[in-house]
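Enquirer: Quick one: this structure, given as structure tokens, is what I'll be asking you about.
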Amino acid sequence: MSWSFDSQAKMPAFLALLPLVGLLSASQSRADDIVIYADNALAAGWENWSWGSDINFAATDLFEGTSSAFINSSAWSALSTKLEGTFPNYAGLKFDIAGSQPDLTITIQSSTDGAVSPNILLSSISNTITPNAFTTVLIDFSNLPGSGAALGPGTWDRIVWQGGANGAAYHIDNIVVVQSIVVTPLFLSAEPLAANTIAVTTQGAVDFSTFTVSLNGKAVKISNTTSYVPVGTPSKSVTYLTLNTLFVPGTLLINTGVENGGNQVFNVTLPAVQYVSIVPGVNYTISPAIYGVNFPSSSQYVQDLGIGISRWGGNAVTAYNPNGHFTNAGNDWYFENRVADPPDADAWVNMVNTGGSSSFLVVPSLDWVAKDGSSYSYPASVYPGQAKTDPFNSDAGNGQLPNGSWITTTPSQTRAYTPWNTDMAKTWLQGLANKPDIIAVDNEIEIAASTHQDMHPDPINYDEELARVVNTSLAAKAALPNVKVAAPSTCAWWFYWTSMVGYTDNAAHNNIDFLPWFLAQMATAEKNHKKRLLDYLDIHFYYQADTSANDAAAKALRLRMTRALWDTTYVDESWVGVEPQQNHQWNPTRMSVIPRFRTLIDINYPGTKLSISEWNSQADTDLTGGLHAADVLGIFGREKVDAAMYWGTVDENGPIGLAFWLYRGFGTTFAANSAQVNLATPLPDTQGVYAGTEKGKLTLVIINKNPDKPIAFQVSNLPKGKYFLRHFGGQAGLAKWQTNIAVTSIDYIVVPAYTAVFFKQS
Ligand SMILES: *[C@@H]1O[C@H](CO)[C@@H](O)[C@H](O)[C@H]1NC(C)=O
Ligand SMILES: *[C@@H]1O[C@H](CO)[C@@H](O)[C@H](O)[C@H]1NC(C)=O
Ligand SMILES: *[C@@H]1O[C@H](CO)[C@@H](O)[C@H](O)[C@H]1NC(C)=O
Ligand SMILES: *[C@@H]1O[C@H](CO)[C@@H](O)[C@H](O)[C@H]1NC(C)=O
Ligand SMILES: *[C@@H]1O[C@H](CO)[C@@H](O)[C@H](O)[C@H]1NC(C)=O
Ligand SMILES: *[C@@H]1O[C@H](CO)[C@@H](O)[C@H](O)[C@H]1NC(C)=O
Ligand SMILES: *[C@@H]1O[C@H](CO)[C@@H](O)[C@H](O)[C@H]1NC(C)=O
């Protein structure tokens with residue numbers, strides 16, 4: 001690897017420059033590189049579009065050359081530089097940075113058309129940025145860190161380094177948009193897959209002529225090589241080698257025959273086989289609506305990932321005013337009004353339908369909606385002494401005193417809101433050009449006294465919540481006779497069983513837990529109104545265990561806690577598993593969410609469907625989040641969930657996007673019917689196996705949750721023959737890898753470590 005920096009010559013001797021991060025190197029600085037910053041000021045042609053930041057472009061406490069820029073950004077603020085002109089086709093961005101691992105998200109933007117690159121987290125490039133010496137960072141525009149996506153051509157003219165919730169303080173120097181990047185040819189990974197395939201990922205112009213494979217000491221011939229460049233992440237490619245020998249337990253040595261960055265040999269231990277049988281005769285329909293998301297970014301996104309249902313929902317939707325398209329962020333952001341984004345629910349339904357998705361529209365059901373795009377409920381000028389104010393608007397307070405209590409004055413709803421009622425909801429729904437398939441009665445209103453404290457300061461009790469559901473459902477069904485109604489979209493485990501009023505409310509209802517009580521009341525409402533007013537019991541599901549540490553233990557927990565959804569023996573690894581009973585449920589330390597709600601429905605209101613309109617893996621940008629999501633999508637199918645929507649708009653090429661792609665990408669879908677899977681060694685902590693059939697063709701998804709060990713199965717009832725295969729994860733990383741393979745034996749099918757694989761019979 002050869003690389004050099006212009007700045008090195010000028011660098012003071014005491015300043016050691018740490019090695020370039022990653023496997024790439026920028027070529028020698030060239031005349032056509034665009035310097036953004038070298039010393040004392042932004043280079044000619046660059047404008048300072050920063051905000052909320054103290055910036056010294058001539059800092060001399062740490063520097064290369066004569067000075068560096070010292071940036072101190074408050075929460076969500078940024079260093080931002082804008083070129084007078086564009087850099088449409090450059091290779092990358094290079095800069096030197098020093099700080100205590102500053103929390104920065106970098107984006108490349110176009111001020112002409114508003115295009116923005118995927119978020120590039122500095123932490124996804126390096127975790128070892130230190131305050132007293134510079135680390136050089138190189139972002140390859142053909143392989144953006146984190147997503148692996150290509151930036152692609154565009155009218156790029158702006159670069160933003162944005163701090164996180166706690167801001168960011170750092171020195172930055174030698175910022176250059178580089179014209180070319182030298183990619184060192186490398187074999188990045190080589191992993192056994194299926195019966196006799198090795199997936200080899202590469203960068204640059206590698207040469208396979210020196211490549212050899214041996215299995216348990218015997219040389220193995222390669223009978224076919226097929227290469228593939230994935231959609232969206234073209235900087236790496238995969239080459240599938242078909243061996244003319246089937247895998248067996250033992251040692252697989254894959255020798256690149258070249259030095260290969262110090263990694264000449266990939267040495268894989270092939271494990272003992274496990275037995276699994278697939279039983280297509282035990283089956284039921286899988287609802288396409290389990291493959292749903294909240295707020296997909298475009299109809300193309302919906303189409304690419306095969307999104308079955310899309311939800312317009314979340315905290316801000318409670319205040320959505322369709323007359324003007326305003327909303328209010330509530331407690332998520334200083335109770336401020338804004339223009340909704342996307343603005344128009346009607347156009348949004350059309351957008352998701354165009355991509356092939358059905359729609360799930362949340363209808364505001366409290367008594368107020370945002371009156372404009374700029375008001376806010378707690379002006380500091382009216383309510384002095386609040387704990388916090390918006391860093392971008394010092395007059396907008398958070399409504400709380402420094403001791404955490406809400407301000408004592410009753411808020412005036414008319415400051416930010418205009419009245420709303422079910423007649424207005426009915427008029428709105430009636431007038432929609434694009435009819436939603438399902439409407440939901442608001443969003444988590446059981447906690448409105450916190451999330452929308454300005455609008456509804458009194459805790460909502462059992463009776464009020466029921467009345468709002470009944471009233472909104474009557475209005476919606478009057479406006480749209482075919483619409484299905486979902487409610488009450490309760491936020492999490494605690495509030496499934498009680499209200500914000502507390503146990504006096506349970507006591508006032510014969511000590512019946514909230515959701516079972518609610519179901520029984522909706523059964524009565526059907527009798528009273530001579531029609532079903534609740535089609536889907538809708539809950540939000542958020543794990544109570546905390547995996548935010550994201551270390552090895554947290555990742556393993558993240559991957560096994562999917563058992564909370566289905567496994568009646570899994571004791572939750574959170575307060576739910578240890579605290580005294582806070583409800584009247586059987587086995588209260590074992591969530592077994594889906595079986596539990598099926599039972600509660602059967603007892604209290606048979607025929608009601610079950611939807612989970614928010615769920616999340618706790619790790620949208622980590623591979624384990626993607627493996628978790630792939631496991632959950634398999635579970636939803638197997639456990640007969642009727643609809644489910646991932647919370648958050650995730651990157652199409654990121655780990656969660658890949659889980660959806662695995663099951664549904666580009667028109668190749670997992671089966672319409674499930675099939676029973678019997679594992680001799682179930683091991684749900686470390687593996688998931690899901691099967692189904694469609695028009696006589698078998699599909700299979702296997703998720704290996706082990707970080708470092710392949711797993712292997714003998715799969716009885718898997719027909720031999722041709723299969724379409726997709727996978728992501730493991731050493732191969734996050735990309736839409738796929739190929740066609742021939743399964744000539746079902747005796748030993750291998751899935752690499754930390755990998756999810758999809759097989760579909762051709
Ligand atoms: C750059 O912009 C920031 C944020 O507006 C400002 O604080 C700073 O003084 C500006 N620096 C220069 C040199 O213009
Ligand atoms: C950054 O600014 C904040 C707020 O003004 C200040 O408390 C902090 O000390 C500054 N950090 C550095 C490293 O100068
Ligand atoms: C491959 O790994 C196995 C198991 O760790 C080890 O016994 C063997 O020596 C390794 N072989 C090579 C060539 O590195
Ligand atoms: C699904 O189950 C039914 C009932 O057992 C059976 O008749 C049907 O053949 C099964 N479908 C497949 C694809 O095996
Ligand atoms: C916080 O301070 C307010 C005003 O002094 C007071 O009314 C309230 O009881 C306090 N809350 C707590 C939790 O101490
Ligand atoms: C629900 O509708 C009934 C009948 O119109 C009305 O009396 C009641 O106040 C409404 N409840 C709520 C919470 O809006
Ligand atoms: C190699 O495998 C690919 C992918 O399955 C297939 O399309 C191609 O025909 C095979 N080539 C030979 C020579 O068998």
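Enquirer: Tally the residues that are more than 16 Å from ligand 2 (Cβ to nearest atom), farther than 27 Å from GLY92 by Cβ and surrounded by fewer than 20 Cβ atoms within 10 Å (Cβ to Cβ), restricting the search to segment 165-207.
Expert: So the answer is 0.
Enquirer: Take GLN521 and decide whether it is in a loop (DSSP other than H, G, I, E, B), within 16 Å of ILE603 (Cβ to Cβ) and not aromatic (Phe, Trp, Tyr).
Expert: Judged against the criteria, GLN521 is not a match.
Enquirer: How about segment 106-127: which of its residues are within 27 Å of ALA732 (Cβ to Cβ) and either part of a helix (DSSP H, G or I) or over 25 Å from the mean Cα position of the chain (by Cα) (or both)?
Expert: To start, the set of residues in segment 106-127 that are within 27 Å of ALA732 (Cβ to Cβ) comprises 106-108, 117-127.
If the condition is that a residue be within 27 Å of ALA732 (Cβ to Cβ) and either part of a helix (DSSP H, G or I) or over 25 Å from the mean Cα position of the chain (by Cα) (or both), then LEU122, SER123, SER124 are the ones that fit.
Enquirer: Mind listing just one residue for me: the one in segment 261-317 that is within 16 Å of ligand 3 (Cβ to nearest atom) and among the small types (Gly, Ala, Ser) and, of those, nearest to VAL183 (Cα to Cα)? Don't jump to the end; show me each part of the working.
Expert: Our first condition is that a residue be within 16 Å of ligand 3 (Cβ to nearest atom); within segment 261-317, this holds for 262-272.
Those left that are additionally among the small types (Gly, Ala, Ser): 262, 272.
Numbers: GLY262: 16, ALA272: 38 Å.
Among those that are within 16 Å of ligand 3 (Cβ to nearest atom) and among the small types (Gly, Ala, Ser), it is GLY262.
Enquirer: Let me ask another. Taking segment 678-711 only, how many residues are among the aliphatic types (A, V, I, L, M), within 26 Å of GLN731 (Cβ to Cβ) and surrounded by fewer than 23 Cβ atoms within 10 Å (Cβ to Cβ)? I'd like the intermediate steps shown before the answer.
Expert: Filtering segment 678-711 down to residues among the aliphatic types (A, V, I, L, M) leaves 679-680, 683, 689, 691, 698, 700-703, 711.
From what's left, within 26 Å of GLN731 (Cβ to Cβ): 679, 683, 689, 691, 700-703, 711.
Now drop any that are not surrounded by fewer than 23 Cβ atoms within 10 Å (Cβ to Cβ), which leaves 679, 683.
The total comes to 2.
Residues are listed down the side, and each one gets a yes or a no for (1) surrounded by 20 or more Cβ atoms within 10 Å (Cβ to Cβ); (2) out of contact with any Cys (no Cβ under 6 Å at 6 or more places or on another chain); (3) at pLDDT 95 or above:
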residue: VAL369; (1), (2), (3): yes, yes, yes
residue: PRO379; (1), (2), (3): no, yes, yes
residue: THR409; (1), (2), (3): no, yes, no
residue: ARG415; (1), (2), (3): no, yes, yes
residue: ASP423; (1), (2), (3): no, yes, yes
residue: ASN443; (1), (2), (3): yes, yes, yes
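Enquirer: Among what's in segment 726-746 and is surrounded by fewer than 20 Cβ atoms within 10 Å (Cβ to Cβ) and over 26 Å from ALA556 (Cβ atoms), pick the residue that is farthest from ligand 5 (Cβ to nearest atom).
Expert: Applying the filter and picking the extreme gives THR744.
Each row is one residue, and each column tells you yes or no for (1) aromatic (Phe, Trp, Tyr); (2) out of contact with any strand residue (DSSP E or B) (no Cβ under 8 Å at 6 or more places or on another chain); (3) farther than 18 Å from ILE159 by Cβ.
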site: PHE70; (1), (2), (3): yes, no, no
site: GLY85; (1), (2), (3): no, yes, no
site: PRO102; (1), (2), (3): no, no, no
site: THR107; (1), (2), (3): no, no, no
site: VAL116; (1), (2), (3): no, no, no
site: SER126; (1), (2), (3): no, no, no
site: THR136; (1), (2), (3): no, no, no
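Enquirer: Look at LYS760 and say whether it is touching a residue at least 40 places away in the same chain (Cβ under 8 Å), farther than 19 Å from PHE247 by Cα and within 21 Å of the chain's Cα centre (by Cα). Can you show your working first?
Expert: Numbers: touching a residue at least 40 places away in the same chain (Cβ under 8 Å): yes; farther than 19 Å from PHE247 by Cα: yes; within 21 Å of the chain's Cα centre (by Cα): no.
The answer is no for LYS760.
Enquirer: Considering segment 352-404 alone, what residues qualify as being assigned to a loop (DSSP other than H, G, I, E, B) and hydrophobic (A, V, I, L, M, F, W, C)?
Expert: In the first step, residues of segment 352-404 are kept if they are assigned to a loop (DSSP other than H, G, I, E, B); the result is 356-357, 364-367, 371-375, 377-378, 380-388, 391-392, 398-399, 401-404.
Matches in segment 352-404: LEU366, ALA380, VAL382, ALA387, PHE392, LEU401.
Enquirer: Among what's in segment 477-514 and is assigned to a helix (DSSP H, G or I) and within 31 Å of the chain's Cα centre (by Cα), pick the residue that is nearest to ASP538 (Cα to Cα).
Expert: Keep residues of segment 477-514 that are assigned to a helix (DSSP H, G or I), which gives 477-479, 493-497, 503-507, 514.
Applying the additional criterion that residues be within 31 Å of the chain's Cα centre (by Cα) yields 493-497, 514.
On the way: TRP493: 13, TRP494: 15, PHE495: 13, TYR496: 11, TRP497: 14, PHE514: 13 Å.
So, considering only residues that are assigned to a helix (DSSP H, G or I) and within 31 Å of the chain's Cα centre (by Cα), the one nearest to ASP538 (Cα to Cα) is TYR496.
Enquirer: Taking segment 220-245 as the search range and keeping residues that are aliphatic (A, V, I, L, M) and either closer than 21 Å to PRO752 by Cα or within 16 Å of ligand 2 (Cβ to nearest atom) (or both), which one is modelled with the lowest pLDDT? Steps first, please.
Expert: We begin by selecting, within segment 220-245, every residue aliphatic (A, V, I, L, M); these are 220, 222, 229, 231, 238, 241, 243.
From what is left, the residues that are either closer than 21 Å to PRO752 by Cα or within 16 Å of ligand 2 (Cβ to nearest atom) (or both) are 220, 222, 229, 238, 241, 243.
Numbers: VAL220: 97, ILE222: 96, VAL229: 91, VAL238: 96, LEU241: 97, LEU243: 97.
It comes out as VAL229.
Enquirer: Search segment 645-677 for residues being in contact with an Asp or Glu (Cβ under 7 Å, 6 or more places away or on another chain), closer than 19 Å to THR755 by Cα and among the small types (Gly, Ala, Ser), and hand back the single one that is surrounded by the most Cβ atoms within 10 Å (Cβ to Cβ).
Expert: Across segment 645-677, the extreme among qualifying residues is GLY657.
Enquirer: Grab the strands (runs of 3 or more DSSP E) fully contained in segment 716-755, keeping just those with 3 or more residues being farther than 17 Å from ILE703 by Cα and within 16 Å of ligand 7 (Cβ to nearest atom). Spell out how you get there, then give the answer.
Expert: Values: elements: 721-729, 733-743, 749-751.
Correct list: 721-729, 733-743.
Enquirer: While we're looking at this one, here's another question. Which residue, of SER365, SER359, is within 22 Å of the chain's Cα centre (by Cα) and under 25 Å from ASP423 (Cα atoms)?
Expert: Values: SER365 fails: within 22 Å of the chain's Cα centre (by Cα).
Of the residues listed, the single one that is within 22 Å of the chain's Cα centre (by Cα) and under 25 Å from ASP423 (Cα atoms) is SER359.
Enquirer: Run down ASN283, ASN337, ASN328, ASN321 and say which single residue is among the polar types (S, T, N, Q) and in contact with a helix residue (DSSP H, G or I) (Cβ under 6 Å, 6 or more places away or on another chain).
Expert: Values: ASN283 fails: in contact with a helix residue (DSSP H, G or I) (Cβ under 6 Å, 6 or more places away or on another chain); ASN337 fails: in contact with a helix residue (DSSP H, G or I) (Cβ under 6 Å, 6 or more places away or on another chain); ASN321 fails: in contact with a helix residue (DSSP H, G or I) (Cβ under 6 Å, 6 or more places away or on another chain).
The conditions single out ASN328.
Enquirer: Answer yes or no: is there a residue in segment 289-309 that is more than 20 Å from the chain's Cα centre (by Cα) and part of a strand (DSSP E or B). Before the answer, list the steps.
Expert: Quick first cut of segment 289-309, residues more than 20 Å from the chain's Cα centre (by Cα) only: none.
Within segment 289-309, not a single residue is more than 20 Å from the chain's Cα centre (by Cα) and part of a strand (DSSP E or B).
Enquirer: Is there any pair with a first residue in segment 275-304 that is in the same structural domain as VAL750 (by TED's automatic domain parsing) and small (Gly, Ala, Ser) and a second that is modelled with pLDDT of 95 or more and within 16 Å of ligand 1 (Cβ to nearest atom) whose Cβ atoms are under 6 Å apart and which are 6 or more apart or on different chains, and what are they?
Expert: The qualifying pairs do not exist here.
The values are calculated or read from the model by the stated rules, or taken from the named source; none is laboratory data. All values reported here derive from a predicted model rather than from experimental measurement. In this analysis, Cβ positions are derived from the backbone assuming ideal geometry, glycine residues included, and neighbour counts consider all displayed protein chains.
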